[in-house]
Every structure is written in structure tokens, then in C-alpha cells.
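Novice: Sharing a structure, written as C-alpha cells. Questions coming.
The values are calculated or read from the model by the stated rules, or taken from the named source; none is laboratory data. Nothing here was measured: the structure is a model prediction, and the numbers come from that model. All Cβ positions, glycine included, derive from the backbone under ideal geometry; neighbour counts span all protein chains shown. Side chains are part of the model used for accessible areas, which takes the heavy atoms of the whole protein and leaves out ligands, DNA and RNA. Shrake-Rupley method; radii C 1.70, N 1.55, O 1.52, S 1.80 Å.
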Amino acid sequence: MIKKIIITFATSIATSIAAILPLNSAAAIQYQGSNFFVVNGSGNYEQENWVPKKLILNGNAREKAEVIVNSSVAINNPQYSTNCKALFIPIDTVKNHLGIIKVGSQTVNINQLPTNGNNCSYWGMSDRPNNFITRPDADRSGRFVVIVNQETIQPVEVLIQERRVVSFNACGFGTLGEQRKIKRDRYNAIIESTLIPLPTKFTFKNQEYTTSSFPTTSDSKVPVCRQVGGEAIEYKPMSW
């Protein structure tokens, strides 16, 4: 029997009505035969109507599981960094990071870097031949990892390793989604938006996976789990 329910996207003010089919509660939720898959997003992440992509994982019902993700983030270098010939990476904007980042061919362990509080105009690159941590120009809002011998003013791709916890529902599947960090003006309009995409790679239960190897749905409708007569029932969009 075909049923209709309302699916609410947590990161959007919009709701959509999706026709869905019930599944056997004992079977893993799948798309194109895969236990892991990506639900497509919609809209521009800089706009209010943005719906993020979501990575669906199968696990055990009602468990919480740690997922180690490698996210590629574009870092916009502050203007003062060009004078220092260095790349400044705001590490405190990324929650739950494990202290490991990659910039080009460099792998940097943040926890092993020395700290220096002086701004770049004070110390100069001749005095700092190695990477370090600082709060540049008396900025107390967060720490920066300084990667020396970098002269680019273009956004730089930085691979950041994070720890995330995924909560699995009664049907045994959980969601890991894209994220964004936004700034708003006094009228609550978005004036700056930074996308944190789905991880390029992730480790789940001691096994590493590559996200691009999973199928992606054609639209942004997501599967849901409902308690029916004391039993957890999975539903998936009919378009699958």
C-alpha cells in the first residue's frame, strides 16, 4: 500500500510531501543495492532555501557510533597573510577535529606545533621557518595554524580530519550531512556562508570508505523511520 507522509528537512524551513513505500523493518535501507548512499541536496548553500546533501549509513538500531571523516574545506586566506608569505587556517572553526590536517603534500599534526602569539608583521618569515599556531593581529576569536612559505591569495583546499557521532534510529540507519557556517547582518540576512561538504573519505567501525563510490539519489527526498504498532518501519521515496 502506498502511503504519503510529510518529510521535514531540519536545515530548511521548507517541507515537502513525498510518496513513499514501507519496507521490511529487518532489511537495511538501501539505494541501488547499496547500504551506504548519498541523498542529493538542492539549492545554493548561500541561500535560505538550501537543502544539504546527506550521507545515509546503516548500523544497529538506536546505537551511537563514531565516524572519523576527512573533509576538504576551502580556506580563504586573510589579507595580512600575503605580507607574511604564509597560509592562516582558522582551526577553531572546525569542531571535534582530531588535530590532523593536510595542505597539499604536507600532513600537519596541530597538537605538535609550537605556539607564538605575535602577529606576522612582528615576527617576519625569516624568524619562523617552521609551521606554528598563533592568534594573529591580537585576534582573540580563535587560533590559526600558520603554514609557512605559502604566497597564494586564492582559496586553498585543506583536508581536515574530524570526529563525528552519528545517532542511528530505531530502523538502524543514520545520517551524516553537509554543514554550513553562516554570518548574518542585523536584518538576519545571510552575508557570508562557508560550506563544509560531505567527507571525501570516512572511517566507520574500523573500515575506511570513499564517499564518491556510493550511489546518489536523483532528488533530495530522504527515507524515514516510523513506529507502527510498536514496530519500527522504514519508508523510502517511490522514485527510488
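Novice: Please verify whether segment 220-234 includes one or more residues that are free of Cβ contacts under 8 Å to residues at least 24 places away in the same chain, among the small types (Gly, Ala, Ser) and within 30 Å of residue 34 (Cβ to Cβ).
Specialist: There is at least one residue in segment 220-234 that is free of Cβ contacts under 8 Å to residues at least 24 places away in the same chain, among the small types (Gly, Ala, Ser) and within 30 Å of residue 34 (Cβ to Cβ).
Novice: Evaluate the following for residue 182: is it among the β-branched types (Val, Ile, Thr), open to solvent by less than 50 Å² (accessible area, probe 1.4 Å) and over 11 Å from the mean Cα position of the chain (by Cα)?
Specialist: Answer is no for this residue.
Novice: Every residue in segment 165-178 that is buried (at least 16 other Cβ atoms within 10 Å of the Cβ) and either in a strand (DSSP E or B) or of a type in the set (A, V, I, L, M) (or both), please.
Specialist: Within segment 165-178, 166, 173, 174, 175, 176, 177 meet the criteria.
Novice: Specify which of the listed residues (186, 226) is assigned to a loop (DSSP other than H, G, I, E, B), among the charged types (D, E, K, R) and either touching an Asp or Glu at 6+ places or on another chain (Cβ under 6 Å) or not assigned by the TED database to the domain that holds residue 76 (or both).
Specialist: Going through 186, 226 in turn, just one is assigned to a loop (DSSP other than H, G, I, E, B), among the charged types (D, E, K, R) and either touching an Asp or Glu at 6+ places or on another chain (Cβ under 6 Å) or not assigned by the TED database to the domain that holds residue 76 (or both): 186.
Novice: Continuing with the same structure: Could you list all residues from segment 154-164 that are out of contact with any helix residue (DSSP H, G or I) (no Cβ under 9 Å at 6 or more places or on another chain) and in a strand (DSSP E or B)?
Specialist: 156, 157, 158, 159, 161, 162, 163, 164
Novice: Here is a list: 24, 58, 40. Which entry is open to solvent by 30 Å² or more (accessible area, probe 1.4 Å) and at pLDDT 75 or above?
Specialist: None of the others qualify; the one that does is 40.
Novice: Another question, then. Can you find a residue in segment 183-200 that is among the β-branched types (Val, Ile, Thr) and modelled with pLDDT of 85 or more?
Specialist: yes
Novice: Just the residues that are surrounded by 11 or more Cβ atoms within 10 Å (Cβ to Cβ) and in a loop (DSSP other than H, G, I, E, B), please, taken from segment 189-217.
Specialist: 197, 198, 199, 200, 214, 215, 217
Novice: State whether one or more residues within segment 80-96 are open to solvent by 60 Å² or more (accessible area, probe 1.4 Å), at pLDDT 70 or above and over 16 Å from residue 160 (Cα atoms).
Specialist: Checked against the condition, which is being open to solvent by 60 Å² or more (accessible area, probe 1.4 Å), at pLDDT 70 or above and over 16 Å from residue 160 (Cα atoms), segment 80-96 yields at least one hit.
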